[in-house]
């Protein structure tokens with residue numbers, strides 16, 4: 001086979017959807033190629049068909065999503081309808097896949113070393129000693145510390161970035177010619193994401209691997225891609241060189257996507273110093289004792305000496321890496337966990353040390369919107385049932401609660417007919433709108449958003465961010481906004497607190513922190529933002 005021939009050829013590929021769906025095909029007559037050593041990024045909104053194509057290439061499509069037309073060629077071999085035995089031979093040896101969430105892709109009851117060894121035992125005739133040496137070598141190659149400890153660790157004992165490196169090691173241990181990466185950095189903070197992307201680039205260049213990279217983060221596309229393919233509702237609407245597509249998009253849909261990419265906004269927002277203070281944190285601390293079967297265990301300071309305040313109508317953003325303490329602070333504020341020390345005041349009421357029985361009347365004053373809207377909603381309850389539960393528990397008449405729910409659904413731009421439907425009948429962005437409407441049912445004084453837009457694609461993210469801004473202005477709410485995406489924080493935050501290792505290392509008006517970061521850690525966060533220097537055009 002010629003070295004110039006594509007590693008992967010997708011020719012007029014069509015994949016059907018089950019009958020009764022919103023369209024007949026998941027993808028329709030899609031064609032593109034991935035060359036040796038080339039990175040092709042597949043972009044598009046949720047439901048555009050990106051992951052379906054990846055699963056089709058790997059032979060992982062369920063029976064209800066059959067390939068109805070076209071071909072998939074791997075190094076010239078037609079694998080479109082290859083038997084399972086042949087696909088098993090090809091997986092890991094010639095094509096591998098890195099999934100979005102390593103915690104669900106890795107086996108929780110096997111050590112990481114055993115999981116990599118399983119690939120070698122299945123596909124090679126190496127001796128146990130040779131396999132162990134190769135496992136250790138690939139763990140070193142993905143730059144994980146203390147390889148022996150990593151080999152002996154279970155997935156839950158590693159951080160998100162470390163788990164993703166184990167997935168990369170498993171995918172590349174047999175040096176496949178094609179690597180498919182399906183949103184592998186979406187859940188990672190910017191510094192870990194930067195490290196993982198740099199690692200993937202190094203390994204890809206070293207091994208000459210062709211990469212099909214699926215993402216909704218255009219910053220990542222700007223950093224990685226050689227070529228970009230844009231999908232919309234199963235149709236390939238644009239494909240071409242990275243600079244051509246991102247800087248001079250031709251299709252209206254591509255222009256819309258690029259126009260929705262958040263950029264750092266540095267303009268000052270006038271602060272109302274006379275507005276009443278809604279929330280005050282003074283010396284807030286949360287300490288865990290990491291107990292061990294052997295010895296004394298260790299003390300983990302998840303949050304230390306955290307101080308800030310939020311006034312009515314203002315949004316405070318807390319940014320930092322995973323493990324910096326952001327979500328710990330949010331959960332202490334909402335009293336989902338109990339602070340170890342310090343003071344939290346909601347208006348004049350001290351809530352950090354209040355007994356749980358005294359918290360009930362305060363619960364309605366603080367509401368939280370979580371990262372994953374699907375896990376936040378009860379799948380067995382209709383949207384209407386989920387929304388009226390809180391107000392009814394606090395004494396509101398059911399009819400009045402239902403009327404209020406319809407009003408709030410209208411506020412978040414959803415039709416009242418949504419009341420009778422279940423969470424699985426909505427897209428991710430629609431579910432997050434429902435969660436926002438549900439949080440507003442109790443007319444809270446403080447709304448906490450904990451990574452509430454990080455899992456959404458750029459167009460939906462832009463809509464939800466605009467919605468947060470409109471709601472804050474219209475209802476004059478105080479907001480605590482937790483995020484690891486600095487560009488998102490710049491869109492909605494009036495003040496910014498930067499956290500590292502449980503402490504606030506920088507705090508001030510958002511435009512000042514963005515324009516002239518003082519702390520070395522803040523500058524490192526900004527430097528790690530993907531695509532920060534790329535000039536997008538729309």
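A few points about this structure:
- Peptides 88-94, 58-64, ordered by how many other C-beta atoms sit within 10 Å of their residues on average, highest first, read 88-94, 58-64.
- Where Rh is the Kirkwood radius over Cα pairs, Rg/Rh for segment 398-438: 0.94
- R0 of 45 Å, Cβ-Cβ distance residue 250-residue 272: FRET efficiency to nearest 0.05: 0.50
- Stretch gain in nm, segment residue 348-residue 136, where the contour uses 0.36 nm per residue and the Cα spacing is subtracted: 70.6 nm
- Over segment 356-412, equivalent-ellipsoid semi-axes from the Cα gyration tensor in Å: 19, 17, 11
- Rg over Rh [alpha-carbon atoms, Kirkwood Rh] for segment 93-200: 0.93
- Projected label distance in nm at residue 104 and residue 527, using a 7 Å step from Cα toward the beta-carbon: 3.5 nm
- Debye intensity ratio in log₁₀ form over the Cα atoms of the chain, taken at each q of 0.12 Å⁻¹: -1.26
- With a simple spin-label model that places each label point 7 Å from the Cα along the Cα-to-Cβ direction, the separation between residue 516 and residue 205 comes to 3.7 nm.
- 5 Å binning of all Cα-Cα separations within segment 1-94, expressed as whole percents from 0 upward: 3, 13, 23, 25, 19, 11, 4, 1, 0
- Most to least packed among 128-138, 40-50 [average Cβ atoms within 10 Å]: 40-50, 128-138
- Cα Rg over Rh - segment 348-460, Kirkwood: 0.98
- Mean separation of Cα contacts under 8 Å, 6 or more apart, over the residue count of segment 278-528: relative contact order %: 27 percent
- Cα-projected label distance for residue 29 with residue 356, points at 7 Å along beta-carbon direction, nm: 6.1 nm
- Calculated on alpha-carbon atoms, Rg and Dmax of segment 278-528 in Å: 18.6, 58
- Working note: Cα gyration tensor of segment 398-538, eigenvalues times five, square-rooted, sorted largest first, giving semi-axes of 32, 18, 12 Å.
- Taking the DSSP beta bridges with both ends in segment 278-528, the antiparallel portion is around 55 percent.
- Relative contact order computed over the chain (Cα-Cα under 8 Å; 6+ residues apart), in percent: 16 percent
- A full extension of the chain between residue 417 and residue 403 corresponds to an added length of 3.8 nm, given 0.36 nm per residue minus the alpha carbon distance.
- Beta bridges per DSSP, both residues in the chain: antiparallel share near 55 percent.
Taken together, the values in this text are just the output of simple stated rules run on the coordinates, not laboratory data. The model shown is predicted, which means the values in this text are computed figures rather than measured ones. For neighbour counting, all protein chains shown are included, and Cβ atoms are generated from backbone atoms with ideal geometry for every residue, glycine included.
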